[in-house]
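Some notes on the structure that comes next.
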Amino acid sequence: MIDINVSGGKLPQEEVNYYIECARAKYPEKHLCGIDLEVDGDFVNAKYHFADAPFQRIRRITGYLVGTLDRFNNAKRAEEKSRVKHGLQ
């Protein structure tokens, strides 16, 4: 569901649908969750709102940038397990 807010005037549903499709075409990798449409005479200012993208932690382990250890073989897993972890003081 997309939250649509129109201020400063009225817009036909066809025009609102146009702005939704424009946002989806311009930002295909993002999930559109809302649009603020501000009518200013013959112009419309559109502000798009997107859902937060999930963040995955990436670490450098044994010379590789990884998010998880599931693709490591047994030797790399053993190397990671025996490494010295340094803390902040």
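To test your reading of the geometry: what angle, between 0 and 90 degrees and rounded to tens, separates the Cα axis of helix 13-26 from the longest principal axis of the chain?
Once rounded, one gets 30 degrees.
Summing Lys, Arg as +1 and Asp, Glu as -1, what charge do residues with Cβ under 14 Å from the Cβ of V39 carry, V39 excluded?
That works out to -3.
If the reach is capped at under 21 angstrom between alpha carbons, list the lysines near K26, excluding any in the same chain fewer than eight residues apart.
Leaving aside lysines fewer than 8 places away in the same chain, those within reach of K26 are K47.
Report, ordered by chain and residue number, the lysines lying within cross-link reach of K85, taken as a straight Cα distance under 20 Å and ignoring same-chain residues fewer than 8 apart.
Excluding near neighbours in sequence, the set is K76.
Which length gain, in nm to one decimal place, applies between I4 and R71 when the Cα-Cα distance is subtracted from 0.36 nm times their residue separation?
So the extension gain works out to 19.8 nm.
Output the antiparallel fraction of DSSP beta bridges having both residues in the chain, as a percent to the nearest 5.
70
State, to one decimal in nm, how far the label point of D36 lies from the label point of V16, with both points 7 Å from Cα in the Cβ direction.
So the two model labels end up 1.7 nm from each other.
Write down the Kirkwood hydrodynamic radius of the chain, to one decimal in angstroms, obtained as one divided by the mean of 1/r over all alpha carbon pairs.
In the chain this quantity evaluates to 17.3 Å.
Tell me which aspartates and glutamates have Cα within less than 13 Å of K10's Cα, excluding those fewer than 8 residues away on the same chain?
Filter leaves D36, E38, D40, D42.
Counting only other residues whose beta carbon sits under 11 Å from that of H49, what net charge do I get with K and R as +1, D and E as -1?
Around H49, the charge tally is -1.
Find, among the GluC sites (Glu not before Pro) in region 1-80, those assigned to loop by DSSP (not H, G, I, E, B) with at most 10 other beta-carbon atoms within 10 angstrom. If you can, show how the numbers build up before the last one.
Numbers: sites: E14, E15, E21, E29, E38, E79, E80; in loops: E29.
Those satisfying the criteria are E29.
Which whole-angstrom value gives the distance between the alpha carbon centres of region 64-89 and region 1-56?
If you average the Cα positions of each part, the centres end up 43 Å apart.
Between F50 and R83, what length comes free when the chain is fully extended (0.36 nm per residue of separation minus the Cα-Cα distance, one decimal in nm)?
Values: separation 33, 0.36 × 33 = 11.88 nm, distance 4.00 nm.
Result for the pair: 7.9 nm of gain on full extension.
Read-outs throughout are calculated quantities, based only on the coordinates presented, and are distinct from any laboratory measurement. Since we're looking at a predicted model, the values are computed, not measured. Glycine also receives a Cβ, built like all others from the backbone with ideal geometry; neighbour counts cover every protein chain displayed.
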